[in-house]
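Participant: Below is one structure. I have some questions about it.
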Amino acid sequence: QVQLVESGGGLVQAGGSLRLSCAASGSISRVSFMGWYRQAPGKQRETVAGITVDGTTNYKEAVKGRFTISRDNAKNTVYLQMNSLKPEDTAVYYCTATQDLQSYWGKGTQVTVSS
């Protein structure tokens, strides 16, 4: 089992920055992928960014150049640095991890960007 706990969400003005953190615990020795999804009110959950165990990253087109995903393997933590935030980035952000083809999810952290 993998447990994920997100932190770092909050309220920020457009153009501001936030850094989300996701701490993984439990049996995590075979986690191959970690990432961030988001879900805005009335919309489906969508991928934001992901990072593999070897550091390969991918991003949703709309956040490229503004968001950066990184991981600290020693701390079993993945980060999402979000800069130049826009009101359309407002959503609940969820951390996910994949191990042995099974996906695990955190409970989410709210990010609200005011215009």
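The values are calculated or read from the model by the stated rules, or taken from the named source; none is laboratory data. Just so it is clear, the structure is predicted and the values come from calculations on it, not from any experiment. Cβ: placed from backbone, ideal geometry, glycine included. Neighbour counts: every protein chain shown. The protein model used for the area step is the full one, side chains on, heavy atoms only, and it has no ligands, DNA or RNA in it. Shrake-Rupley method; radii C 1.70, N 1.55, O 1.52, S 1.80 Å.
Participant: At 0.36 nm per residue, and after removing the present C-alpha to C-alpha distance, how many nm does the segment from ASP100 to ASP72 gain when stretched out fully?
Facilitator: Details: separation 28, 0.36 × 28 = 10.08 nm, distance 2.03 nm.
So the extension gain works out to 8.0 nm.
Participant: May I pose another question? Residue by residue, what Karplus-based ³J(HN,Hα) values in Hz, rounded to whole numbers, does region 102-115 have, using 6.51, -1.76 and 1.60 with θ = phi - 60° and x for Gly and Pro?
Facilitator: Along region 102-115, the couplings run 10, 9, 10, 9, x, 8, x, 9, 7, 10, 10, 10, 8, 8 Hz.
Participant: Highest mean first, how do 91-100, 37-46, 5-14 rank when packing is the count of other Cβ atoms within 10 Å averaged over residues?
Facilitator: Details: 91-100: 19.9, 37-46: 12.6, 5-14: 15.0.
So the order, starting with the most tightly packed, is 91-100, 5-14, 37-46.
Participant: Output needed for the chain: three equivalent-ellipsoid semi-axes, defined as square roots of 5 times the C-alpha gyration tensor eigenvalues, in descending order, whole Å. Could you put the intermediate results ahead of the total?
Facilitator: Numbers: eigenvalues 110, 38, 31 Å².
In descending order, the three semi-axes are 23, 14, 13 Å.
Participant: What is the dipole size for region 30-115, taken about its Cα centre, with +1 at each Lys and Arg Cβ and -1 at each Asp and Glu Cβ, in debye to the nearest 20? Walk me through the numbers before you get to the answer.
Facilitator: Details: 11 positive and 7 negative charges, 26 e Å.
It works out to roughly 120 debye.
Participant: Modelled label-to-label distance, SER115 and ALA23, 7 Å Cα→beta-carbon offset: nm?
Facilitator: The answer from the label model is 3.7 nm.
Participant: Separate question: Full extension from GLU61 to SER7: what is 0.36 nm times the residue separation minus their Cα-Cα distance, to one decimal in nm?
Facilitator: 17.1 nm
Participant: Right, another one. Over the chain, with the other protein chains present, what is the accessible area per residue in square angstrom, probe 1.4 angstrom? Mind dumping the intermediate values first?
Facilitator: On the way: 6150 Å² over 115 residues.
Accessible surface, normalised per residue, equals 54 Å².
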